[in-house]
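The values are calculated or read from the model by the stated rules, or taken from the named source; none is laboratory data. Model, not experiment: these values are computed from the prediction. In this analysis, Cβ positions are derived from the backbone assuming ideal geometry, glycine residues included, and neighbour counts consider all displayed protein chains. Keep in mind that these areas ignore ligands, DNA and RNA; they rest on the heavy atoms of the full protein, side chains included. Shrake-Rupley method; radii C 1.70, N 1.55, O 1.52, S 1.80 Å.
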Amino acid sequence: MLRVVKSKLKTFVGGIHPKDDGKSFTAGKKVVPASLPNKAYLFLNQHIGKPAQPIVQKGDTVKKGQLIAESQGFISANVHASISGKVVDIAPWPHPIAGVKLPAIIIERAEDDSWVEDIAAIPDIDHNISEAEIMHRIKSAGIVGLGGATFPTHVKLAPPKDKKIDMVVVNGAECEPYLTCDHRLMLENPYEIIQGLKWFMKCIGCNSAHIGIEGNKKDAYLLIKDTVSKESAIKVDLVEVKYPQGAEHQIIKALLGREFKPRQLPLEVGVTVINVSTAFAIYEAVKYGRPLIQRIITVSGNGIENPQNFFVRLGTPVKQLLEDAKVTGDINKIIFGGPMMGIAQGDIETAVTVKGIGGIIALRKARKWNSSACIRCGRCIDSCPYGLNPSELSVLSEAKNFDLMLESNVLECKECGCCSYICPSKRPIVHLIKFAKAEIAKQEVRA
Amino acid sequence: MSTQNQSENNLIVSSSPHIRDFDSISRIMWAVVLSLIPAGIAGVFSFGYYCIYLVFLSCLTAVVTEIFILLLRRQPVVNVIQDGSAVVTGILLAYTLPPGVPWYVIVVGSFFAIAIVKHSFGGLGNNIWNPALAARAFLQVAYPTIMNSDWRVLVKKGMEKFACNIANVDVNGNLIDAVTTATPLTKEVVERTYLLGQLFMGNVPGCIGETSVIALLLGGVYLIYKRCINWYVPACYIGTTFIMARFLPPRIITPWANDSFYHIFAGGLFLGAFFMATDMVTSPLTKKGLVIFSVGAGVLTILIRFYSGYPEGVCYSILLMNTATPLIDRFTKPRLYGTKLKKI
Ligand code: SF4
Ligand code: SF4
């Protein structure tokens, strides 16, 4: 309600300012490699779209970076071995995001940790690399959006013919509390990010880009600004510290002032968005031919004694990361992703890392909230960045009145969590909305 | 509906978000209780200790009624009591009543507020009218003699034991009794006016908690500071009343007829603007809606004061706007992101 924060920084309407942003735990810590997993669990489904098709069998020996599952159809992405070793099984394993068991390739680690030969064989490139070659390398590397949406990046490179892209927006906002992986990446690899971005721009034939970085990462902003000082085509701007500043709609609104409907793609307004860590992955893929087999993950929270930013091989069991960061014994909540949109895990024994996860948060004494009736304070409405009425939606969901919810645009909700966060009655609004969406989907299937 | 599960290894698996704002209903309600204390002290100072007894009785009745109804409705009692909303209703009701009402009037009113106005619509969050104000309106109809007559008799009766009447001097230097009429706005007593300073401090007749502008302002500013109420609701309400009082021709000419300061300081405007119009449950959801709501209440207040039989319009104006709230909500829906503003 009265959270009117005066600020000259660019921003959007709505959103919240979480008090407990937890970034200080890890913002100053260099990225360090996590210890290698004894077994890596690589899901065939680490992206939006069709799962990849395995091309190895139980008993095969694989090397780091070797293609082990091929993308199927247009919206799908390759999966590569993240460690060298032996495929011990291809079996269903609990997927940390889908919440159900999905097939995964399980690799047992061998001593040697060298790259597969055909990767080393890719010659170093010069700046005259062709668009087709960039496209090919990004596609073969299995790169997906690392900001969390896991949309296969090569799909963005081939926009529909009737949509003209005139701007690439680079998301360096990192607005989720606790997460600092993008912040560290910008500080440690600014050149690589910009080079990756330039290759991306070249490939889609767009010659301007706009980078948005949240105001609490001034150091990264100055560094990136310095890195692009000779490029007139790339603009860098600070955006207001506010959640969800890093969501596509919000960062585009803040930087360019363009608005589009919640369920539309940025293409609608001539924009494509990539995350800074995606730009870095593009650099690695184009320059060295390295597939996406590792990413930076922030391991933090009050249940962690030594919070860290880790380079993590995909498929690493979470338990091992928690041990690396010295987890305390009495944690009662593990969150994959940030505290606003992340997914709570029920089991640390089976949980493993996947491409879309930028953070693991372990909490002690995590609270449960008792919710009560809506007192119509209107705070949720003020905080909803998409102009929905969460109060009404939550009440309708409790009454199972899904038809009225459809009329009230329930499907436009992005589940950002601002409304639940701010609600003084602690109503589980996002939960009620997710429930209603699932019910509506069921009804549509039946009809 | 249960949203949280505990898995075998004691990990909580709940829906996002996993952090919440520190603010809660009970924090808001108890802040309101705290902010009402200065006005209560001012009331005791002007009208005597009997006021404390009335406020206490009103709260007690409200809480007991709330527990009773919740038990009847088979709903959990503990949380709902600790949220403090019944206590707020109890205090507000007492503050809108004359300082000398008999004890049974306040018990009936408080019971009516909780049992009928609040719970017959579904309890916290679902009532259409502000319970305290609706109960006051009910008492006005049920006990017209007590609510509207010269209060001297009542006060004498009720305050024998606690008497601490403060004598006042009006502008003409006459000694007057502080508690004789229902409100300084009484139109028939045209020759009597009060100094703005008196009105500001609260040494004037009126209801228990409505006379001291300074005490109410203190509480109101505290609530704004604590982000429990929106500043623009009292601002629009008082502002509209101020402007309307200045420019509208009244039906009965009194010495203060178009004195806008007199109009905003006298009567229950500050109590209504800071503590009743800001009631979240019965006011619109959006900022735009709240502005319409409070401007509407301001207009109605002066219309009632100028052109109706009642000297005071705050209570009815807010109740009327409460009634209009669902309509206002319908016309002030937020704009869906990425769409043009809808034409109404
Ligand atoms: S979760 Fe949905 S309804 Fe709530 S604030 Fe976000 S978009 Fe709006
Ligand atoms: S759902 Fe929560 S935040 Fe929204 S109006 Fe109701 S009480 Fe307020």
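A few points about this structure:
- Remark: mean inter-chain Cβ contacts per residue of A:13-19 equal 2, using a 10 Å Cβ-Cβ cutoff to other protein chain atoms.
- Mean-position separation - Cα centroids, the stretch A:338-374 and the stretch A:409-445, in angstrom: 17 Å
- Each listed q (0.09, 0.20 Å⁻¹) maps to a log10 I(q)/I(0) for the stretch A:226-380 from the Debye sum over equal C-alpha point scatterers, namely -0.43, -1.26.
- Each Cα pair of the stretch A:50-94 feeds into the Kirkwood radius, which the Stokes-Einstein equation turns, at 37 °C and 0.692 mPa s, into a diffusion coefficient of 299 µm²/s.
- The protection proxy used here, the mean number of other Cβ atoms lying within 10 Å of each residue, ranks peptides A:269-280, A:322-333, A:370-381, B:315-326 as follows, highest first: A:269-280, A:370-381, B:315-326, A:322-333.
- Here the relative contact order of chain A, from alpha carbon pairs under 8 Å that lie six or more residues apart, stands at 19 percent.
- Along its principal axes, the stretch B:281-336 has C-alpha extents of 45, 16, 13 angstrom, given from the largest down.
- Residues in the stretch A:80-97 that a label on A:Glu108 would reach, taking backbone N under 19 Å of a point 7 Å out along Cα→Cβ: A:81-93
- Under 5 Å from the amide H of A:Arg290 lie the amide H atoms of A:Ala285, each residue being 5 or more positions distant or on a separate chain, with H modelled from the backbone and absent for Pro and chain starts.
- All Cα pairs of the stretch A:300-409, percent lying beyond 20 Å: 54 percent
- Label-to-label distance, A:Asp118 versus A:Thr61, with points set 7 angstrom from Cα along the beta-carbon direction: 1.8 nm.
- Stretching A:Phe311 away from A:Ala149 to a fully extended chain increases their span by 56.4 nm, per 0.36 nm per residue minus the current alpha-carbon distance.
- Residues whose placed amide H lies under 5 Å from that of A:Arg364, excluding near-sequence neighbours: A:Asn302, A:Gly303, A:Asn332
- Of the peptides B:100-107, A:293-300, the ranking by mean beta-carbon count within 10 Å, highest at the top, reads A:293-300, B:100-107.
- Note, ³J(HN,Hα) from phi for the stretch A:66-75, Karplus 6.51, -1.76, 1.60, rounded to Hz, x at Gly and Pro: 6, 5, 10, 8, 9, 5, 10, x, 6, 8
- Quotient of C-alpha Rg and 2.2 N^0.38 Å, computed over the protein assembly as shown: 1.16
- Over chain A, the Kirkwood radius and the radius of gyration, each from Cα atoms, give a ratio Rg/Rh of 0.95.
- Efficiency of FRET from Cβ geometry, A:Ser35 and B:Phe56, R₀ 41 Å, rounded to 0.05: 0.05
- Counting Cβ atoms of other protein chains within 10 Å of each residue's Cβ and taking the mean over peptide A:94-105 gives 0.
- Grouping the Cα pair distances of the stretch A:308-369 into 5 Å bins from zero gives a pair-distance distribution of 4, 17, 32, 29, 13, 4, 1, 0 percent in increasing distance order.
- Peptide A:409-422 has a mean shielding of 3, counted as Cβ atoms of other protein chains within 10 Å of each residue's Cβ.
- Working ranking of peptides A:308-317, A:164-173, A:20-29 by packing, defined as the average number of other Cβ atoms within 10 Å per residue, highest first, is A:308-317, A:164-173, A:20-29.
- Theoretical FRET efficiency, 1/(1+(r/R0)^6), r = Cβ-Cβ of B:Arg27 and A:Lys161, R0 41 Å, to 0.05: 0.15
- Long-range HN-HN contacts of A:Lys235 with modeled amide H, under 5 Å: A:Ala209, A:His210, A:Ile211
- Computed over the stretch A:254-331, Cα set: Rg, Dmax in Å: 18.0, 50
- Rounded to whole Å, the principal axis extents of the Cα atoms in the stretch B:215-325 read 41, 29, 19, largest first.
- Among A:Ser76, B:Ala277, A:Gly356 - extreme Cα towards positive end, dipole of the protein assembly as shown, charges at beta-carbon: B:Ala277
- Over the stretch B:1-130, all Cα pairs binned in 10 Å intervals from 0 give whole-percent P(r) values of 12, 35, 28, 15, 7, 3, 0, listed from short to long.
- Spacing of the two label points (7 Å from each Cα toward its C-beta) at B:Gln75 and B:Phe121, in nm: 1.3 nm
- Heavy-atom SASA rank of B:Asp329, A:Asp403 (probe 1.4 Å, accessible area, largest first): A:Asp403, B:Asp329
- Extent along principal axes [Cα atoms of the stretch A:375-444; Å; largest to smallest]: 33, 21, 17
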